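A short worksheet on the structure shown next.
The values are calculated or read from the model by the stated rules, or taken from the named source; none is laboratory data. Just so it is clear, the structure is predicted and the values come from calculations on it, not from any experiment. Here the Cβ positions follow ideal geometry from the backbone for every residue, glycine too, while neighbour counts run over all protein chains shown.
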Amino acid sequence: MPKVTFIHRDKPAQTVEFEHGKLEYLGHGLPESFLDVAMNFGIHLEHACGGSCACTTCHLIIRKGMENLSDMEEVEADRLDTAWELTTSSRLGCQAVIKGDVVAEFPMYTRNYVQEGGAIQLGQPEVKEKDPKGDEVRS
Ligand code: FES
């Protein structure tokens, strides 16, 4: 049973285990990918494109167990090239299929090309405030 640890920046790590072939497939990402596992265990992993390898919001940095993941296909490599905070250990959570124990860390930022304007998505939505003249300013 693969053990999957998700390291968050702002809360304790979460570790889950699953049995191959026993997860309910919820239709997002490849079966038994990080995204599929996260959704089965109620762990929030952004997936703006629905797991179709079109955004990079599911970007994860693999800290252990890279050899326990499926090989990277060209479509994932091409999309991953556009990810914020790209590392040599980066994978897309919707495309990397888990075959053994792994530890993955959420990056500080993700880039969401699906959102209008292709904005960089931080941990929290951008909140706009108004200055004394009534013009919007960034908070
Ligand atoms: Fe969009 Fe993985 S969810 S690329």
Of those in region 13-35 that are out of contact with any strand residue (DSSP E or B) (no Cβ under 6 Å at 6 or more places or on another chain) and over 12 Å from PRO2 (Cβ atoms), the residue surrounded by the most Cβ atoms within 10 Å (Cβ to Cβ) is GLY29
Going through region 1-20 in order, the residues found to be among the basic types (Lys, Arg) and either closer than 15 Å to VAL103 by Cβ or touching a Cys at 6+ places or on another chain (Cβ under 9 Å) (or both) are LYS3, ARG9
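State whether one or more residues within region 100-122 are among the β-branched types (Val, Ile, Thr) and modelled with pLDDT of 95 or more.
Within region 100-122, one or more residues are among the β-branched types (Val, Ile, Thr) and modelled with pLDDT of 95 or more.
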Filter region 65-100 for residues that are in contact (Cβ under 8 Å) with a residue 40 or more places away in the chain and outside any loop (DSSP other than H, G, I, E, B); the one that is nearest to the ligand (Cβ to nearest atom) is ARG91
Counting only residues that are in a loop (DSSP other than H, G, I, E, B), within 14 Å of the ligand (Cβ to nearest atom) and within 16 Å of HIS8 (Cα to Cα), region 24-42 contains a total of 0
MET39: passes all of (1) free of Cβ contacts under 8 Å to residues at least 60 places away in the same chain; (2) in contact with a strand residue (DSSP E or B) (Cβ under 7 Å, 6 or more places away or on another chain) but (2)
